[in-house]
1. For the range B:176-191, check the following and say yes or no: at least one residue is touching a Lys or Arg at 6+ places or on another chain (Cβ under 9 Å) and in contact (Cβ under 8 Å) with a residue 12 or more places away in the chain.
2. Identify all residues within the range B:338-350 that are surrounded by 22 or more Cβ atoms within 10 Å (Cβ to Cβ) and either more than 11 Å from chain A (Cβ to nearest Cβ) or more than 18 Å from residue A:125 (Cα to Cα) (or both); write none if there are none.
3. Output the residue which, of all residues in the range B:131-151 that are more than 7 Å from chain A (Cβ to nearest Cβ) and either of a type in the set (D, E, K, R) or more than 16 Å from residue B:230 (Cβ to Cβ) (or both), is surrounded by the most Cβ atoms within 10 Å (Cβ to Cβ).
4. Among the residues of the range A:84-120, which ones are over 30 Å from residue A:146 (Cβ atoms), among the aromatic types (Phe, Trp, Tyr) and surrounded by 21 or more Cβ atoms within 10 Å (Cβ to Cβ)?
5. Starting from residues that are β-branched (Val, Ile, Thr) and either part of a loop (DSSP other than H, G, I, E, B) or farther than 20 Å from residue B:135 by Cβ (or both), keep the ones in the range A:62-116 and report whichever is farthest from the other protein chains (Cβ to nearest Cβ).
6. Name the residues in the range B:261-302 that are closer than 28 Å to residue B:421 by Cα and without any contact (Cβ under 8 Å) to a residue 24 or more places away in the chain, would you?
7. Would you call residue B:167 within 27 Å of residue B:413 (Cα to Cα) and either away from chain A (no Cβ under 14 Å) or among the small types (Gly, Ala, Ser) (or both)?
Amino acid sequence: MSRSGFGATLSRLLLQNRHGSRVLNHVGSLTAPRPFCSESDPRSRGRIKQALPGVSSFTPPANSSHDWVGPPDRMSNLRPIKYHIPEYESPLESRLRKLRQETEDWNHQFWTNQNISFSKEKEGFIYSCLKEKGLELRDEDGRKRTLSADEMAEFYKEFLNKNHQKHSVYNKEWYMRNFTITFLMGRVALLKAWRKLGWRQQDPKLK
Amino acid sequence: MYNSPCRKLTGLVGVSILQSLENAAQARLCSWDLVQLCRSSTSKWITFQHCNFLKRQYVTKTTEACQRAKPKQEALTTPLVKQHPHLQDETVIRQVQQISAIDQHPSSVQSSKETPTQDTERASSDEDPSTAQETRQWKEIKVMLGDLPGIYARLSKIRLTALVVMTASAGYAMAPVPFDPSCFLLASLGTGLASCAANSINQYFEVPFDSNMNRTKNRPLVRGQISPLHAVSFAAACAVPGITLLALTVNPLTGALGALNLFLYTCCYTPLKRLSITNTWVGAVVGAIPPVMGWTAATGSLDVGALLLGGILYSWQFPHFNALSWNLREDYSRGGYRMMSVTHPALCRRVALRHSLALIGLSVLAPALDVTSWTFPLISLPINLYISYLGYSFYRDADRSSARKLFFCSLWHLPMLLLLMLTCKNHGWTRKTDPWLTV
């Protein structure tokens, strides 16, 4: 990705409105949000989400006004977050929430793919190495044969080099999203502080 | 400065270093923690707990290095009770521990050993307990004031920061000027704050990568205990006072070095880890700067002595980190970290050996530059020869055990070397240049 591409994508992320969130799908090479994403569905608040594999059916209690963070996902090792949707959510807050949800899904997808392909390729490598030696996958006692660290090192090197470009693209995208999310969080925090200050000024009885 | 597997002081040697420095209670507390930690740990855990001091922790238990990369249907990996250098029975142990893992984590995926019929029966009967278990694992993201110190300590990698401050203190103590306690404390505080900021930013950048590595998965941002904005604000709240303190109350040179180190660590080293193996060299520079900062805080100028101390720390990083990274190759490969140990293994071993030998050379250079007396190269020769020997074994054998030996040697080698250096400090130089001193 060239510098201009990076800058253009970053400004697009910052400037896009609520309805333009789908544009994010085309950014980077790995975006494909999970179909059960509920970021734009206000009805999902307080409802039980459909229990697709890998999706939690947990719903935060109705009286909670904070986000909830769950256990690490089985595939991606990332922790899902259930975002709280406040009653009077501003467009900025909505954009932030959707961006965070989308980034979470994108991250989950990347790392799930990464972990699955790593373990599959590792198994394949072990199998082919053993086959070359004329050994079966399991030894006489039924235990799975493993290769030595030096033999596995060849696989690790190959895997890392093969995924270099993929990681490079992912890193750029991740840094961009991280900065954007933090920037929006800063704006939302200022907005909330301003709102609180403005509300207090309007109602001096509360001082 | 902050990240590398360098700067690990063993408890006992750390205490002796502190005794030789005219130091504040802050360092004593840290040493007490170290000693307590070593004493309270069992032999199995000493290696793991010990490495908690380091950013790059040395995973000596193989399955701990195997963060769950597989779908849940496959074997779970739990820490090995016993470890073997060449793990032949990994799968057997994994299967054995599957049973214990299932007992410990009833909500986790069913073992692949179960039959499909058992699966369906278990699924229907275990659904409620597993859902309940999972529900319990969800936590509200609400920051309680009482939790903040613990969170900030982990965010700033307080133990690593303490070790960085110690190397800076050693730099200050080695400088051939009268000891000024207030300047010393301000320099230490400023360095500590800058280190906290750098470590926080590092964690802020690396959330998804940390989630996928066993040794880093309990960090505050990974666990969702605080938001990214909070982490960045904390980093800013440490960096600004820290660098300002160094620049205004110590001297501008030290402030500039602190800012440079912060930049190098957060904006060069952290991204480079995923792009190129040159990250190790950048990280070595980052580790070398704190003692230089300590020296410049004392003298106000970048003397050859400062550069020598920096050079010793720089050279030390390589046997230390290269040995550590040798046994983490799987994690690095899966996580996308570009390290010499994975991409250029021969270079990794060569560089480790080269720099172990360089430590001998630098120790000889110390008296030549009037930093220490000529006793220093003599008394440091045994430990320098030993680490070089281990470096050579690592170069020749390139296996887990030689890597481990070299790594653990580096842990005590550095504090010992600094201690010996302090005892051989060239006080005569001070007297010659400053006749008003009555040392």
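The values are calculated or read from the model by the stated rules, or taken from the named source; none is laboratory data. Predicted model only: the values in this text are computed from it and were never measured. Cβ sites come from the backbone with ideal geometry, for glycine too, and all protein chains shown count toward neighbours.
1. The answer is yes, given that some residue of the range B:176-191 is touching a Lys or Arg at 6+ places or on another chain (Cβ under 9 Å) and in contact (Cβ under 8 Å) with a residue 12 or more places away in the chain.
2. Matches in the range B:338-350: B:338, B:339, B:340, B:341, B:348, B:349.
3. Let us first name the residues in the range B:131-151 that are more than 7 Å from chain A (Cβ to nearest Cβ), namely B:132-133, B:136, B:143-151.
Filter again for either of a type in the set (D, E, K, R) or more than 16 Å from residue B:230 (Cβ to Cβ) (or both), leaving B:132-133, B:136, B:147.
Details: B:132: 12, B:133: 15, B:136: 11, B:147: 13.
Taking the candidates together, the pick is B:133.
4. Matches in the range A:84-120: A:106 only.
5. A:85
6. Our first condition is that a residue be closer than 28 Å to residue B:421 by Cα; within the range B:261-302, this holds for B:261-262, B:264-265, B:280-302.
Residues satisfying the conditions are B:281, B:282.
7. In short, yes.
Listed here are the residues, each with its yes/no results for (1) crowded, with 21+ Cβ neighbours inside 10 Å; (2) of a type outside the set (Phe, Trp, Tyr).
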position: B:153; (1), (2): no, yes
position: B:161; (1), (2): yes, yes
position: B:172; (1), (2): yes, no
position: B:179; (1), (2): no, no
position: B:185; (1), (2): no, yes
position: B:223; (1), (2): no, yes
